[in-house]
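Shown next, in structure tokens, is the structure this report addresses.
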Amino acid sequence: MVQKDFRMKGYKYKIHPNVEQQKMINQTIGCARFVYNHILFENLERRKRSLPWLSKFDAIKILPELKKSFEWLKEADSIALQSSIEYLYQGFKRYNKMKKVLHKKTVKKYEEINYIPTEYDNLGHPRFKNKKHSVQSYTTKNSRGCIEIKENRIKLPKLGWVRFSKSRDVEGIIKRVTVSKSRLGKYSVSIICELAYSPYKPAKNESIGIDLGITNLLVLSNGEIVRNPKTFQSYKKRLAFLQRALARKQEGSKSWEENKRKITKVHQKIKCFREDFLQKLSTRLIHENQVIGLESLQVKSMVKEKQLSEAIHDASWSKFVNMLNYKANWYGRIIISIDSFFASSQLCSECGFQNKEIKNLKIRSWVCPSCRAVHDRDLNAAKNIKIEAIRLYKLERDSACI
């Protein structure tokens, strides 16, 4: 019997609810937030009194009592309320895993002033949700076929049929759906489906090395150059104008709210354009190559330089690398990270001679003293990254076979 390879895949679409459906979405988001904060508060109070924490199942059992005390909770989707509790306890679980490491860092940070760290000093501890937060959402599960899709409509609990922009078909069995509301008041759904087949693409014979940069976002070992779109720079003047105008307005007034909305809209445009560009680029590279070599950059150290920090954030190297990693895992490709101390720019990709004078970043092209080959700095680095990635891949493959 052949065992099926079950995989989870997500789809995200814009939805177009009517006025009544919008009210129900907003109410469900508020109810889920209330339940999340209530259970978190109960657990923190129990900690103060040195009592054992509520288990996840005990917390879910409290829901009927809460609905008796707060009648408006009955109008919300009950599965969404349970999901908010489950997400809270997932946060506790993640926090407990890294608590020791974070506690040591916090103690080291405050040891000079004899400060005793609390749970809120540690990153990763669940915090109270705020209705002004940029992320407003709730999650519901497909129980007894309560979620289904027909053409360009999706059926959701308590909402009924909602129109959505179906940009592509949904494959697999629907497991759960997250309904989100943006700061601009737009709604979307994220659908998680279970696929009963392996999504791996046929193996390719191609491999590539990638040199990340600022002027040129990518320089590939095959000679292709991908220009940096510089998304933030395109809207920088517009943002500066709106932010100056916002500073002159009275906080909380109608004009202040409208100005703030315009700023949010510009930031949303920047985010969407950047993400669309990186998604398409990373997908193309994953589909065309089997092995991809990347230089691991110390982004946190690099952004400390004031002259480069804005350009590095705008380039979004980390986001691009994250996209490559999860897509490689999904489609069965191999990502090889090259150590940042590897002299990719100094080595001649033809003969291997190391020219230490190339440490000077102002040198953009050079001639190899050994084989007289002419090199572009970035292209030569990409070729060396590819050579090193193939070497490490073969070494790892051979060691796994032994």
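The values are calculated or read from the model by the stated rules, or taken from the named source; none is laboratory data. Small disclaimer: the values here were computed from a predicted structure and weren't measured. Methodologically, a virtual Cβ is constructed for each residue, glycine included, from the backbone with ideal geometry; neighbour enumeration extends over all protein chains shown. Quick note on the areas: whole protein, heavy atoms, side chains included, nothing else; ligands and nucleic acids left out. Shrake-Rupley method; radii C 1.70, N 1.55, O 1.52, S 1.80 Å.
Points worth noting:
- Longest DSSP-loop-exposure-free segment, GluC sites (Glu not before Pro), the chain, at most 15 other Cβ within 10 Å: 1-150
- Chymotrypsin sites (Phe, Trp or Tyr not before Pro) lying in DSSP loop within the range 190-234, provided at most 11 other Cβ fall within 10 Å: Tyr197
- The calculated Kirkwood hydrodynamic radius for the range 200-349 is 17.6 Å, given to one decimal from all distinct C-alpha pairs.
- Lys269-Glu42 FRET efficiency (beta carbon distance; Förster radius 41 Å; 0.05 resolution): 0.50
- FRET efficiency estimate (nearest 0.05) - Cβ-Cβ, Phe6 to Lys150, R0 22 angstrom: 0.35
- Overall Cα dimensions of the chain, principal axis frame, Å, largest first: 83, 65, 47
- Accessible area (Å², per residue) of the chain, counting only protein heavy atoms and a probe of 1.4 Å: 63
- The distance from the alpha carbon centre of the range 206-241 to that of the range 26-61 is 45 Å, rounded to a whole number.
- Size descriptors for the range 226-296 (Cα atoms only): Rg and Dmax, in that order, 18.0, 56 Å.
- Computed log₁₀ I(q)/I(0) - Debye formula, equal Cα scatterers, no solvent, the range 268-402, q 0.11, 0.13, 0.16, 0.20 Å⁻¹: -0.51, -0.70, -1.01, -1.28
- Note on the chain: with a GNM built from Cα contacts shorter than 10 Å, the maximum mean-square fluctuation among Asn329, Asn18, Asn360 falls on Asn360.
- Spatial separation of Cα centroids for the range 66-88 and the range 292-351, in angstrom: 44
- Accessible surface of the chain [probe 1.4 Å, protein heavy atoms]: carbon and sulfur percent: 52
- Förster radius 41 Å - calculated FRET efficiency between Tyr235 and Phe342, Cβ distance, rounded to 0.05: 0.70
- Per residue, the convex hull spanned by the alpha carbons of the range 155-211 comes to 171 Å³.
- Cα-based helix-to-principal-axis angle, 306-315 vs the chain, degrees rounded to 10: 70
- HN-Hα J in Hz across the range 18-26 - Karplus 6.51, -1.76, 1.60, θ = phi - 60°, x for Gly and Pro: 7, 4, 5, 5, 4, 4, 5, 5, 4
- The translational diffusion coefficient of the range 16-94, from Stokes-Einstein at 20 °C and 1.002 mPa s with a Kirkwood hydrodynamic radius over alpha carbon pairs, comes to 160 µm²/s.
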